[in-house]
Every structure is written in C-alpha cells, then in structure tokens.
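Here the structure is laid out as structure tokens; the discussion comes afterwards.
All of the numbers you see were taken from the coordinates with simple rules; none came from a lab. Note that the coordinates shown come from a computational prediction; the quantities given were computed from them, not determined experimentally. So basically every Cβ, Gly included, is an ideal-geometry build from the backbone, and we count neighbours across all protein chains shown.
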Amino acid sequence: MPKIILTGSDGMLGKALKKELSGSSELQSFSKNELDITDFVAVAEILEAAQPDFVVNAAAFTKVDAAETDQILAEKVNSTAVGNLARICKKIGAKLIHFSTDYVFDGENENGFPEKDEPNPINFYGKTKLEGEEAIRESGCEFAIIRTSWLFGEGENFVEKMLALGKRNCEIKVVADQIGCPTFSEDLAEAVKKILIENRSGIFHLTNLGKTSWADFARKIFGLAGMDVKVIPVASEEFPTPAKRPRNSVLQNTKLPKMRSWEEALAEFLH
Ligand SMILES: NC(=O)c1ccc[n+]([C@@H]2O[C@H](COP(=O)([O-])OP(=O)(O)OC[C@H]3O[C@@H](n4cnc5c(N)ncnc54)[C@H](OP(=O)(O)O)[C@@H]3O)[C@@H](O)[C@H]2O)c1
C-alpha cells in the first residue's frame, strides 16, 4: 500500500480526496489547522518523519478576488509553500501531486487550451498558481500537476451559491460570456487515484466533459433541483469584480481518459 500525505484535507477537493484515498492507501491527512503549508519547519518535520511515497497537495489560497488585495498571502500559499513542498519531496524521494487551475490561461482561445499551451494568467490568483507550477518543475521532484476548473462538491462553490440565491429570488442575473468546464470534486478525486495507481507524471487537464457558461450552468442547477428560478444572462461588465476572469477557460484533456459529462455529475451531486 502506498504511503500518502494529504494536505488541505478540509477543502472541497481535499474532502473528496480523503474519502477516495483512504482504505486503499496508508493515508495521513492534514487540514490547515493541523498543518499550515506555509510553516516550512512543520512541513519538513512531518514529511521527513513520514517518508511518504506521495504528497497530495489540496491546500491552496483559492479566493480569486481576495487574491488581488491579499497578494502576499496568496503568493506564500500558492507559490512559495508549493516550492518548499516540492524541494522536500525531491529530498525524500516522494512524488508530488498538485492542483492548478484553468485561470493560468488568458481565455483568448475559442477552442480552449490543451496541456502544452503557454499559460498567460490575467489575474493575481492565476499568476500565483502558475508560479507554483514553475516552482515544482524547477525543484526536480517527480510530479503530476493536475489543472482543473469550476469545481463543485461538498464545500463553498457556485452550485451551493445558486441554490441559496434561488431560495430567496425568483430571478437571478448570471454572467453568460465566460465559458468553462464544471467539475465534480468526487469525479476528480477518482481520476486522481488512477493517476496515482498508474504512476503518471507531467501536466494534466482534468475536468468533467463538456463546457458551458455560468448562466447555463445556473439554469441546469435550478432545473435539476426543481426550482422555478429565471436566469437572466448578463455580460461580465455588469458584474465588475476585483479580479478579471478569462472569457473561455475550457481545458482540453489530450492525455487521459475522459471523465463523464458535467451534467451527469451535477445530477448525481444534486440527488
Ligand atoms: N474551486 C475551484 O473552482 C477550482 C478551480 C480550479 C482549480 N482549483 C484548484 O483545486 C485545488 C483545490 O481547491 P478547492 O476548491 O478544494 O479549494 P478550497 O475548498 O478553498 O480548499 C483549499 C483548502 O486549503 C486550505 N488552506 C489554505 N491555506 C492553507 C495553508 N497555508 N496551509 C494548509 N491549508 C491551507 C483551505 O483552508 P481555509 O479555507 O480555512 O483557508 C482549504 O481547506 C486548489 O489547488 C485550487 O487552486 C480549484
């Protein structure tokens, strides 16, 4: 049984990974309270004592708008701490499984982005996530970096936000000019387990199959939840946010088996 250390285990993806990986591996999981990945001494002590085969890092600063103002912390968690994890992995011979984002791309390609495309982040969160990827590559450790997008599952996310808003409103304005791939955290965790078992390395794009806009995503959520809420499509300009978002951040998966459609995954999540 492989020995795995999981960080960020209380986050949306962390919870799904904890469920998926326990049982078939010797798993030690750490929430932020149990291990802050910016505490470099604690990270080194835990990793060196455990001598894991894999370190799965689900810890991240994920608040896209807050990253524009809380730049020092965003960079420390998403870039500096990730570089530190990678260097320790190199030292102890562990493989690092790390997560990145569609927001490393600028969204200016109608067809979306395959793994080999050059990133060009347009917001600070995307910039720090790209720096994290680069720090891993520079460390010389064995790694799999999995870029994903528009996650939903157990935690704070767009689906939960729409359901809460839908209870209080009969009409909701939702952005219609940003396109991406919604992804169920539990489907992603299952695919991550396969990457571990097959010992794959490199950069991967993993999302549920298909693409949509936030407005059509919201329509599907209300439809599946049986809620009579009208979605009014609006342009991004109507909802100015501190961080710019890419217009089309569809991730093309050209390396791994495709996951099921986002609609099927959403239906399972909501029932
Ligand atoms: N959510 C998405 O739509 C999305 C899209 C693309 C890529 N991703 C990537 O997928 C990965 C997982 O995201 P997620 O949606 O599961 O995010 P999440 O729910 O915000 O989980 C991240 C976890 O990391 C924790 N954390 C923050 N700073 C930490 C630190 N210094 N040390 C240890 N833990 C820390 C957070 O704790 P607190 O909440 O207490 O701060 C949270 O429990 C991330 O790498 C993210 O960039 C997510």
THR241, sole failed condition from (1) surrounded by 17 or more Cβ atoms within 10 Å (Cβ to Cβ); (2) not in a helix (DSSP H, G or I): (1)
What are the pairs with Cβ atoms under 8 angstrom where one residue, in region 150-167, is under 24 Å from GLU190 (Cβ atoms) and touching a residue at least 12 places away in the same chain (Cβ under 8 Å) and the other, located anywhere, is in a helix (DSSP H, G or I) and among the charged types (D, E, K, R)? Sequence gap at least six, or different chains. TRP150/ASP102; PHE152/GLU160; GLY153/LYS15; GLY153/GLU186; GLU154/LYS15; GLY155/LYS15
Name the helices (runs of 4 or more DSSP H) wholly within region 61-159 that hold at least 3 residues that are within 14 Å of the ligand (Cβ to nearest atom) and crowded, with 16+ Cβ neighbours inside 10 Å? 81-92, 124-139
One residue from LYS32, LYS19 being in a helix (DSSP H, G or I) and either near the ligand (Cβ under 9 Å from one of its atoms) or farther than 22 Å from GLY132 by Cβ (or both): LYS19
Only one of ILE197, ILE203 is free of Cβ contacts under 8 Å to residues at least 12 places away in the same chain and either in contact with a Ser or Thr (Cβ under 6 Å, 6 or more places away or on another chain) or of a type in the set (A, V, I, L, M, F, W, C) (or both), namely ILE197
Here is a list: LYS220, LYS173, LYS193. Which entry is within 14 Å of LEU13 (Cα to Cα), more than 13 Å from the ligand (Cβ to nearest atom) and touching a helix residue (DSSP H, G or I) at 6+ places or on another chain (Cβ under 8 Å)? LYS193
